[in-house]
Amino acid sequence: MKRFSTILFYLRNQKGNLLLYLLFILLSIVFSLLSLAMLAPFLQLLFGKDAPVRELPEAAFSSAYVIACLKYYLTLLIDNYGKVYALAAICITVIVSVLMKNLFLYLSFRIMIPLRNRVMTTFRDDMYSKILKLPIGFFTEQRKGDIMSRMSNDMNEIEWSIMSTLEGLIRDPLNILIILFTLVFLSPTLSLFLLVLLPATGFIIGRISRKLKKQSNQAQEQQGLILSILDETISGLRVVKAFNAEKLLNNRFLNTSHRLHTLRVKMAFRRDLASPLSEFMGVLVLSCILWIGGKMVLGNDVTGVTSSLTAEAFITYIVFFTQIINPAKSLSTAFYNAQRGSAAIARVEEVLKAPVVVEETANPKTLTSFNNRIEFRNVSFKYEDVTILDNINLTIEKGKTIALVGSSGAGKSTLADLVPRFHDVSSGELLIDGVNIKDYSLKSLRDQIGIVTQEPILFNDTIASNIALSNPDASLTDIENAATIANAHNFISKKEEGYETNIGDRGSKLSGGERQRLTIARAVLKNPPILILDEATSSLDTESERLVQDAINKMMANRTSIVIAHRLSTIRHADEIIVLQRGQIVERGTHDQLIAMEGFYHKLVKMQEVK
C-alpha cells in the first residue's frame, strides 16, 4: 500500500481533525461495547439464573472480577429498589449507551466528510496545476483522452474507492482491535485460537483480491482510450463521413468498450466476493470458537491449561465476537476498493511526478522590456536522443523580422518555441538583451512575447474574453481597438450579441478567417515587443488571407518578429530569411540574395511557383 503515501501527504495538515475523528470513533466503540457487556451477566442475575453477589470481590485484572463487580452493583440495585426498577435501569443504560454511540459516530462523520472532500479538491487542484506546468513535449507523447481520463475517471475512482472508504479503513481496524483486546481480556486462552484463525482468513481474502489492482489499471487505460476515440471522432467527424469511415471508427469504439465491459465485470465479481467471503470466514471462525469455548466451559480440557472461563464470560465473549463480523466485512470491502483505487493513484502520480524540465532559477530576474537583441549561441536541442537543432547561431535585432523556412521536420517550430521557453536548449545559450533567458522568470519572459499559431486556439467563451486572455481587466474600448487593428471589429459588430457572443468549442461558430483574426486581436491587445507567427494564413481562402495578412502587417509594425513560413510569398520583405534543413542553418540572407545563390531556398521558391 505504498500508494497511500500520496493520500497521507494530503492529510498532513489535517492531524487535528484526524485525532478528533479517532476520539469520536473510539468513544462510539466503547459505548457500543458497554451496552452489550451489560446484557448477558445482568439478565442472568435479574431472572434468577445466578446467585446474588452481596460482597465486593477482591480486585484482580480479569474478566471474572469485572463481571463480579457488575453483579455486585446490580444486586444492590435489586435489593434496594426491586427487580423491575433494576430492569428499567438496565434498559435506560442501554438506551443511553446506544444514543452516545450513534452521537459520536455522527460527529465522526461531521469531521470526516469535509476532510475527505478537502483532500480530493486539493488533489484535483494540484493535478490541474501540474498539467499547466508540464512542458509541451510531455503532451505530444500522451493521448489527450488518457490525460482527461486521469483527471476525471481516475480522480473519481480515488474518491469513491479510497476516500469514501477512508473512514472504514480507520474505523474498522480500530473497532476490531478494541474488540480483540476485550476478547483477550475475557479469555486469553480462547483468544489464542482466534489470533491464529483470523490471520488465516485475512490471507485467503488477500490472495483473491491480488489481481484487482492490475485489472483496475487496465480498465482505466481502456477508459482513457474510449475518451481519445470519442475526441478524435467529434473533432474529425467531417473527415469520417467523407471517407465513409463510420464503420471503422464504430468497430474500434465497440472493441474498446467491450474490453472495458469484460474487465469491469471481472472486477465486480471479485469486489462483490469480498463481503460474502468475509462473512462466511467469520462464521467459520465463530463456529470454531463456539466448539472450543463450549468444551472449556463444560470442563473438557482443550489446551492442557486449566480454564477459568465461566458461562457468563463465554456468552459475553461470543456476543463481542459477533461484533467483529460486520467490521471485518466492511474492512475487506474497503480493502478490495483500495486495491482498485491504488491503480488509479498510480496513474495520477505519473502526471504529478512527471519532471518539469522547464524550471525557473531560485531568484529569477524580471524582464521588464526588450531593448536590444535575441541571440542564439551554439544552440542545440535534442529530444529523447534525437537531435532536432544542431549548433544554431543567430542574432535577431530589435525591430527586425526574421523568417524561418525549410521542409517539414527541419526544426522551424522548435527553434521558435525555444524563445518563450516551451523547451530549454540542450546545449549552448539563448539570450535576450545579453542575459540567458533561463535567468528570467517565465512570466516576465512570456509577457514580452505574443504568438499567433497556424491553427487558431480559442476557448468556449465570449469573443471579448478570448481577446482579453492575457489581460482579463482590459476595457471594452481596448478590446475594440485591438479587434479593429486585426480587421475583426466589423464582423464582430454584426453579431447579435457583439463582443459578448459565445464562439463555441474551439471557436466552432466562426469561420477560419474570423478565428484567426481573433487570435491576432488577442496578440495585439497584449502588445508585446516580440512576435512569433506560425504562418497564420496558410489554411485560409484568398479573401480571408488578405484580411488576415493585412492585420498581421499592422501588428508587426515596430515589433521584432519571428515568422515561420510555409508560403514563401509572405516573407519576401523579411529583413533576413533563415533556411533550415535537418536542424542546421544551410542558407541565410534576404529574398533576393537567396534567389541569386540558387541554392535550397531557390528550389523551394521554384517548387511553389510550379504549384
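The values are calculated or read from the model by the stated rules, or taken from the named source; none is laboratory data. Bear in mind the structure is a predicted one, so any value in this text is a computation, not a measurement. Note that each Cβ is placed from the backbone with ideal geometry, even for glycine, and that neighbours are counted across all protein chains shown. Surface accessibility is based on the protein's heavy atoms, side chains included, excluding ligands, DNA and RNA. Shrake-Rupley method; radii C 1.70, N 1.55, O 1.52, S 1.80 Å.
The figures follow:
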read-out	value
Test: residue in segment 442-454 that is within 31 Å of the chain's Cα centre (by Cα), under 26 Å from GLN584 (Cβ atoms) and surrounded by fewer than 21 Cβ atoms within 10 Å (Cβ to Cβ)	yes
Positions within segment 151-166 being touching a Lys or Arg at 6+ places or on another chain (Cβ under 8 Å), modelled with pLDDT of 75 or more and open to solvent by less than 20 Å² (accessible area, probe 1.4 Å), in sequence order	ASP154, MET155
Single residue of segment 171-188 satisfying the filter (over 14 Å from LEU34 (Cα atoms) and within 35 Å of the chain's Cα centre (by Cα)) that is surrounded by the most Cβ atoms within 10 Å (Cβ to Cβ)	ARG171
Filtered residues of segment 561-593 (kept if among the polar types (S, T, N, Q), at pLDDT 80 or above and crowded, with 18+ Cβ neighbours inside 10 Å)	SER561
Out of SER278, SER287, sole residue that is small (Gly, Ala, Ser) and modelled with pLDDT under 75	SER278
Boolean, LEU225 is assigned to a helix (DSSP H, G or I), in contact with a helix residue (DSSP H, G or I) (Cβ under 7 Å, 6 or more places away or on another chain), modelled with pLDDT of 75 or more and open to solvent by less than 20 Å² (accessible area, probe 1.4 Å)	no
Out of ILE78, ILE90, ILE111, sole residue that is in contact with a Pro (Cβ under 8 Å, 6 or more places away or on another chain) and part of a helix (DSSP H, G or I)	ILE78
Segment 372-420, subset open to solvent by 10 Å² or more (accessible area, probe 1.4 Å) and of a type in the set (Val, Ile, Thr), residue nearest to GLY583 (Cα to Cα)	ILE388
Any hit, segment 200-219, residues being at pLDDT 75 or above, open to solvent by 30 Å² or more (accessible area, probe 1.4 Å) and of a type in the set (A, V, I, L, M, F, W, C)	no
Candidate set: segment 240-260, residues that are open to solvent by 90 Å² or more (accessible area, probe 1.4 Å) and out of contact with any helix residue (DSSP H, G or I) (no Cβ under 9 Å at 6 or more places or on another chain); chosen: the one modelled with the lowest pLDDT	PHE243
